[in-house]
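Take a look at the structure below.
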Amino acid sequence: MNPTQTLAPRQAAQNAAYFSFRDPFVFRGEGFVPTTAEPFAYQYYDKNRMVLGKRMEDQLRFATCYWHSFGWGGTDPFGEPSFLRPWHGAGDPMAQALRKADVAFELFRLIDSPFFTFHDRDVAPEGATLRESNDNLKRIEAVFERKMDETGVKLLWGTANLFGNRRYMAGAATNPDPDVFAYAAAQVKQVLEMTHRLRGANYVLWGGREGYETLLNTDLKRELAQLGRFLNLVVEHKHKIGFKGQILIEPKPAEPTKHQYDYDVGTVYGFLKAHGLESEVKVNLEQNHALLAGHTFEHEIALAGALGIFGSLDMNRGDEMLGWDTDQFPNNLPQVAMTMYEVLKAGGIGQGGLNFDAKLRRQSIDPDDLVWAHATAMDLCARALLVAERMIEDGALQQHVQTRYQGWDTPRGRAILQGERTLEALAREVETEGLEPRPVSARQERLEHLVNGYF
Ligand code: XLS
Ligand code: NI
Ligand code: NI
């Protein structure tokens with residue numbers, strides 16, 4: 001069924017006018033040649049193709065995010081909005097939110113995005129009171145429900161914006177004022193329940209203001225305890241309402257605060273352990289956040305996988321020359337291929353997805369730039385997945401790693417790990433056997449060459 005058929009004719013015409021594309025993109029294969037009539041087709045994103053036992057669509061689970069694509073106006077610290085979307089102008093905020101939803105779902109349809117993600121304040125205007133904000137949100141929820149039914153687009157995750165409003169300038173859960181904690185809790189309750197009703201696969205908590213600017217005015221120990229309490233409340237409520245999705249923390253070391261508590265995967269894991277939540281909460285990892293923490297994206301994914309807390313990905317790209325969250329669309333094939341390789345090694349994307357938490361450069365002011373950015377990023381990720389599939393199927397990389405650690409499968413290796421050797425016993429063995437370890441090459445350059453062969 002063509003989803004536009006279910007929209008009122010006037011509405012469909014209005015949306016079609018926003019983007020120049022009419023028909024959803026389809027897969028045409030590597031040999032596709034663009035024409036004026038068909039400037040773009042997927043060359044790699046063949047959603048029904050089987051990749052390592054799963055449909056490609058289910059291996060990737062692409063999501064389009066609401067905030068950067070429809071919320072953000074193209075500002076930067078020095079510049080005013082550059083996009084001038086119709087719903088950013090003057091007018092009744094609720095009518096603007098509805099217009100925005102129409103265009104958002106039109107984009108999902110054109111690029112064939114199976115999922116979307118949102119913050120409460122991206123989709124509906126904030127009212128004078130929380131009750132008013134919640135009423136606005138409920139009206140949009142009804143719209144989403146209908147549009148999701150009509151188009152088959154699903155919700156990857158919802159989240160509450162606990163960082164934009166000035167009430168949160170000193171933190172949400174970590175605020176010195178418990179009234180702010182309470183307000184944040186009320187907001188999360190609303191969005192968690194909305195996410196549950198819309199059958200969202202996950203709920204995300206990004207602690208944008210959960211950090212500090214200076215220790216001179218901060219009681220760090222208290223703030224960590226508050227954050228632990230808050231997260232416990234969220235998990236309790238999830239179970240109370242029967243939400244089956246994953247609760248995900250999104251680590252980021254800084255920006256907007258100088259130091260954020262959810263610094264990176266290692267820090268979040270320690271925090272979860274300290275509050276008994278390591279089997280309840282996982283992580284949503286973002287490439288640019290990993291970079292800011294001084295890690296590669298692959299490192300964060302591998303560590304989360306090893307600790308059993310890998311949940312989902314915010315796909316974007318940082319800039320090696322800039323020290324902030326540039327949130328560019330991913331388009332570096334080797335980088336994304338290595339990312340997908342680590343995802344597959346961590347057991348696959350599971351209930352998570354690849355959410356394009358990415359924004360256009362502020363000079364990309366045409367509505368069609370939104371379409372191009374998402375569709376080309378999707379195709380690139382699909383291509384990267386196919387490279388990663390070759391790496392897994394060929395098995396040469398894994399083989400090398402296995403051989404490298406095979407000593408741990410010998411009787412001594414096993415005995416050490418099973419706790420059957422004391423320091424004294426090991427010292428005795430080394431001495432009596434005259435043990436002298438034999439250094440072995442790790443073959444990095446050969447492996448790097450091997451990886452290039454998969455492209
Ligand atoms: C900001 C974060 C944010 C989260 C959702 O840096 O990436 O966009 O993904 O709150
Ligand atoms: Ni993000
Ligand atoms: Ni980010």
Task: ALA254 long-range amide H proximity, modeled H, under 5 Å - done: GLN260
Task: Length gained when the stretch PHE32-MET50 is fully extended (0.36 nm per residue, less Cα-Cα span) - done: 4.4 nm
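Report the local net charge at GLN43: Lys and Arg +1, Asp and Glu -1, summed over other residues whose C-beta lies under 15 Å from its C-beta. Write out the running numbers ahead of the final one.
Details: positive: ARG28, LYS47, ARG49, ARG383; negative: GLU30, GLU38, ASP46, ASP112, ASP379.
Local net charge: -1.
Quick one: THR410, THR326, THR117, THR257, fewest Cβ neighbours within 10 Å first, how do they rank? Numbers along the way, then the final one.
Values: THR410 10, THR326 16, THR117 26, THR257 20.
Taking fewest neighbouring Cβ atoms as first place, the list is THR410, THR326, THR257, THR117.
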Open item on the list: At R0 = 51 Å, how high is the FRET efficiency between TRP324 and SER279 if r is their beta carbon distance? Nearest 0.05 is fine.
Closed with: 0.90
Task: Approximate shape of segment 46-89 as ellipsoid semi-axes (Cα gyration tensor, √5λ), whole Å, largest first - done: 37, 11, 7
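Divide by every residue of the chain the summed helix terms, -39500 (n - 2.57) for each DSSP H run of at least 4, and state the resulting mean residue ellipticity at 222 nm, rounded to the nearest 500 deg cm²/dmol. Working shown, then result.
Numbers: 16 runs with 206 residues, N = 455.
-14500 deg cm²/dmol, from helical runs alone.
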Open item on the list: What distance in nm lies between label points placed 7 Å from Cα along the C-beta direction at MET169 and LEU435?
Closed with: 6.1 nm
Task: Cut-off 20 Å, label 7 Å out along Cα→Cβ of LEU220, residues of segment 270-284 by amide N - done: 270-275
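Give me the number: length gained by fully extending GLN402 to ASN232, i.e. 0.36 nm times residue separation minus the C-alpha to C-alpha distance, one decimal in nm.
Gain in length upon complete extension: 57.3 nm.
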Open item on the list: Need one number: % antiparallel among DSSP beta bridges in the chain, to the nearest 5.
Closed with: 20 percent
Task: FRET efficiency estimate (nearest 0.05) - Cβ-Cβ, GLN418 to ALA186, R0 60 angstrom - done: 0.75
Open item on the list: Under a crude label model (7 Å from the Cα following the beta-carbon direction), how far is ARG362 from SER20 in nanometres?
Closed with: 2.5 nm
Open item on the list: Considering all projection directions equally, how large on average is the shadow of the alpha-carbon convex hull of segment 294-363, in square nanometres?
Closed with: 5.1 nm²
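So which of LYS138/LYS273; LYS258/LYS359; LYS240/LYS273; LYS273/LYS359 end up more than 27 Å apart, counting from Cα to Cα? The partial results should precede the final answer.
Values: LYS138/LYS273 35 Å; LYS258/LYS359 23 Å; LYS240/LYS273 22 Å; LYS273/LYS359 34 Å.
Over 27 Å apart, Cα to Cα: LYS138/LYS273; LYS273/LYS359.
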Open item on the list: Checking the cross-link filter: which aspartates and glutamates have an alpha carbon closer than 15 Å to that of LYS345, excluding same-chain neighbours under 8 positions apart?
Closed with: GLU298, GLU300, GLU389, GLU393, ASP394
TODO: Work the Kirkwood hydrodynamic radius out for the chain: mean of 1/r over every pair of different alpha-carbon atoms, inverted, in Å.
DONE: 23.9 Å
- [ ] Find which of ALA304, SER279, HIS289 sits farthest along the positive direction of the dipole of segment 272-343, computed with +1 on the beta-carbon of Lys and Arg, -1 on that of Asp and Glu, about the Cα centre.
- [x] SER279
- [ ] State whether segment 173-220 is rounded, prolate or oblate according to the following rule on the C-alpha gyration tensor (a ≥ b ≥ c being the square roots of its eigenvalues): a/c under 1.5 gives rounded; otherwise a/b larger than b/c gives prolate, and the remaining case gives oblate.
- [x] oblate
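In a shell of Cβ-Cβ distance under 12 Å around ARG362, excluding ARG362 itself, what net charge do Lys and Arg (+1) and Asp and Glu (-1) give?
Numbers: positive: LYS359, ARG361; negative: ASP76, GLU80, ASP327, ASP369.
Net of charged neighbours comes to -2.
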Task: Under Karplus coefficients 6.51, -1.76 and 1.60, residue-wise ³J(HN,Hα) of segment 372-380 in Hz, glycine/proline x - done: 4, 4, 5, 5, 6, 5, 4, 5, 5
- [ ] Apply the Karplus parameterisation 6.51 cos²θ - 1.76 cosθ + 1.60, with θ equal to phi minus 60°, to every residue of segment 265-277 and state each ³J(HN,Hα) to the nearest whole Hz, in sequence, with x for glycine and proline.
- [x] 4, x, 5, 5, 4, x, 5, 4, 4, 4, 10, x, 10
Open item on the list: As I understand it, the value is the acute angle between the Cα axis of helix 423-433 and the longest principal axis of the Cα atoms of the chain; what does it come to in degrees, rounded to 10?
Closed with: 50 degrees
TODO: For LYS147, list the aspartates and glutamates whose Cα falls under 16 Å from its own Cα; do not include residues on the same chain fewer than 8 positions away.
DONE: ASP102, GLU106, ASP112
Open item on the list: Tell me which of GLN402, TRP157, ALA415 sits at the most positive position along the dipole axis of the chain, charges placed on C-beta atoms (Lys, Arg +1; Asp, Glu -1).
Closed with: TRP157
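Rg/Rh for segment 74-223 to two decimals, with Rh computed the Kirkwood way over all alpha-carbon pairs. All intermediate terms of the calculation are to be shown ahead of the outcome.
Working: Rg = 17.0 Å, Rh = 16.9 Å.
On the Cα set of segment 74-223, Rg over Rh gives 1.00.
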TODO: Count neighbours as other Cβ atoms within 10 Å of each site's Cβ, and list the GluC sites (Glu not before Pro) in segment 146-241 that are DSSP loop with at most 15 such neighbours.
DONE: GLU213
Task: For segment 187-333, fraction of C-alpha pairs farther apart than 26 Å, in % - done: 26 percent
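Just subtract the alpha-carbon distance of LYS138 and MET94 from 0.36 nm times their residue separation and send over the number in nm, one decimal.
Values: separation 44, 0.36 × 44 = 15.84 nm, distance 1.15 nm.
Using 0.36 nm per residue and subtracting the Cα-Cα distance, I get 14.7 nm.
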TODO: Within segment 73-163, list the chymotrypsin sites (Phe, Trp or Tyr not before Pro) lying in a DSSP loop whose Cβ has at most 11 other Cβ atoms in a 10 Å radius.
DONE: PHE78
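Each reported figure results from applying straightforward, stated rules to the coordinates on display, with no laboratory input. Quick caveat: nothing in here was measured; it's all calculated off a predicted structure. Virtual Cβ from ideal backbone geometry, glycine too; neighbours counted across all protein chains shown.
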